[in-house]
Amino acid sequence: FRQAGRDFLEGFDVRDDSFEDWLRDMRQQHPVEHLAAPLPKAKSDSPIRVQAFPNSYGSSIERITGHVIADQMARSLEEFLSAQRFADLPRDTGLRDADLEVRCDIVEDAGRGVVFVRIEHGQNGQVLFSGHRSVTGGLEQVLSSETIGGLVHSAASKVLHGLVETLAADRPEAAALSLTSQGIKQLSRLDVDGLQQADQLFQNAFETDQKGVFLAWRAFTRMAQLVESADVDQQARLEQVRQLTSDALQTAPGNGLNVALVALSRIMLEDDLAMPAELARKAINWNSENIFARQTLAIAHSAVGDPEQAYKLSTSCRRADPEDDFGHLWDLYHALVCISSGRFDEAREMALRSANAAGHFIAPKRQLVALCAHSGDVELARRFLDELTQAEQGFSLDRYLNDADYPVHTLRKAGLIAPHLRGDLDS
């Protein structure tokens, strides 16, 4: 039989004129069949699998409540990891086991609901997260508790960092998650170098595994760069944020974290609150424990003159674990909400927490100059003024007091940047 790509009777060499004539005719009738070029291999697409397991003991209400919380946890992991969430799958389906298994045990005792959550690696059983919370009021309060929402968010954040050590290195989503984990840690520093590194890491993550949420993290980083560096080309950076958020929404319109990051990025930079607020509501409808979406709505309520609803939402965002990557950012946002609602003492406390947790974070120091002066602690106000002078190129007290574009709009709107402040800080 003739093989593709080979002449008819290739290799035969018989010194006979008749045979050569016959062979020539046959080769004309059966020309060489060239092999088609191989198709390029499709990029591996093996998304991370998450599965929530119901507990098998306790009362009916305890089992149901535990399954609901486990499913909320799985939903948050689905968003954070751009994963796929599955129901129970028989072992003979041919699908591999879940990468992550979520379990939640609930018990009601003496009027308190105790919640214990554990997230394990699906193949080897390694525990990537375990935590518990106790809620006063029994099981009827558990599902509505902001404390449980904080637990859900903290678990998703910590599993992101732990999972990169357990996934097979040849999976593109594993490499992308490793880059994202590093990027979030750099972003959380909220200083110039950290933000630059985060931007590059998120870009590399998207180039490795084209998930929209990586674009949203880049947009969020660019927004932070714009807020933290008052001297950058504001219009050019704003256009970059708009393009990144638009691309993120187009790439992953159904990922709640992606949508919420877009919403929070835009609401911090644009006067039009309607679109970011609507995106945040959509993300919360998908996952009520999405802290980024909650914070976006808190800022929106604060801006339109609903300080009490803003305060309630912002308070809920601070229920996450104290070791949360963005704890100091939630403290800053809460300080801004408190300023808008006239809670100046609480605002100062939150801004101090934020500044102490991230020494190079400029934004809380801007708030603290006016907040400390307002409280009568002029010495501390001057200290933060000196730190801003050292940290920000082109900063001056005159700019702080009189430049309408300098990013202290919440303080200015609350009347805390007043003419007498110069006398207090200069003397």
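Scanning region 387-402 for residues that are over 28 Å from the mean Cα position of the chain (by Cα), farther than 20 Å from Arg348 by Cβ and crowded, with 18+ Cβ neighbours inside 10 Å yields a single hit, Phe395.
Condition first: over 24 Å from the mean Cα position of the chain (by Cα) and open to solvent by less than 20 Å² (accessible area, probe 1.4 Å). Now tell me which residues in region 339-364 satisfy that. Passing the criteria: Ile339, Ala347.
Identify all residues within region 55-78 that are open to solvent by less than 60 Å² (accessible area, probe 1.4 Å) and either more than 9 Å from Ile106 (Cα to Cα) or among the aromatic types (Phe, Trp, Tyr) (or both); write none if there are none. Full working, then the answer.
Step one: of region 55-78, the residues open to solvent by less than 60 Å² (accessible area, probe 1.4 Å) are 55, 58-59, 62, 65-66, 68-78.
Passing the criteria: Ser59, Val68, Ile69, Ala70, Asp71, Gln72, Met73, Ala74, Arg75, Ser76, Leu77, Glu78.
If a residue must be among the acidic types (Asp, Glu) and within 22 Å of Asp424 (Cα to Cα), how many such residues does region 321-345 contain?
Of the residues in that region, 1 qualify.
With the condition kept exactly as written, say whether any residue in region 323-333 is open to solvent by 60 Å² or more (accessible area, probe 1.4 Å) and without any contact (Cβ under 8 Å) to a residue 12 or more places away in the chain. The answer is no; no qualifying residue exists.
Residue-wise test of (1) small (Gly, Ala, Ser); (2) surrounded by fewer than 19 Cβ atoms within 10 Å (Cβ to Cβ); (3) touching a Gly at 6+ places or on another chain (Cβ under 7 Å).
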| residue | (1), (2), (3) |
| --- | --- |
| Leu371 | no, no, no |
| Val378 | no, yes, no |
| Ala404 | yes, yes, no |
| His409 | no, yes, no |
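The set of residues in region 287-296 that are open to solvent by 20 Å² or more (accessible area, probe 1.4 Å) and modelled with pLDDT of 90 or more contains only Arg294.
The number of residues in region 134-173 that are within 25 Å of Ile61 (Cβ to Cβ), outside any loop (DSSP other than H, G, I, E, B) and open to solvent by 50 Å² or more (accessible area, probe 1.4 Å) comes to 5. The one condition from (1) more than 18 Å from the chain's Cα centre (by Cα); (2) open to solvent by 50 Å² or more (accessible area, probe 1.4 Å) that Leu238 does not meet is (2). When we screen Asp324, Asp331 for residues that are closer than 30 Å to Ile291 by Cα and either touching a Pro at 6+ places or on another chain (Cβ under 6 Å) or assigned to a loop (DSSP other than H, G, I, E, B) (or both), the only hit is Asp324.
Name the single residue, out of those in region 230-252 being assigned to a loop (DSSP other than H, G, I, E, B) and touching a helix residue (DSSP H, G or I) at 6+ places or on another chain (Cβ under 7 Å), that is nearest to Ala198 (Cα to Cα). Walk me through it before giving the result.
Keep residues of region 230-252 that are assigned to a loop (DSSP other than H, G, I, E, B), which gives 230-233, 252.
Still in the list and also touching a helix residue (DSSP H, G or I) at 6+ places or on another chain (Cβ under 7 Å): 232, 252.
Values: Val232: 17, Ala252: 20 Å.
Only one residue tops the list, namely Val232.
In region 174-205, what residues are in a helix (DSSP H, G or I), more than 20 Å from Val159 (Cα to Cα) and under 15 Å from the mean Cα position of the chain (by Cα)?
As a first pass, look at region 174-205 and keep what is in a helix (DSSP H, G or I): 174-187, 192-205.
From what is left, the residues that are more than 20 Å from Val159 (Cα to Cα) are 192-197, 199-200, 203-204.
Within region 174-205, Leu195, Asp199, Gln203 qualify.
The values are calculated or read from the model by the stated rules, or taken from the named source; none is laboratory data. Note that this is a predicted model, so its numbers are computed, not measured. In this analysis, Cβ positions are derived from the backbone assuming ideal geometry, glycine residues included, and neighbour counts consider all displayed protein chains. For the accessible areas, the whole protein counts, side chains as well, though only heavy atoms, and no ligand, DNA or RNA atoms are used. Shrake-Rupley method; radii C 1.70, N 1.55, O 1.52, S 1.80 Å.
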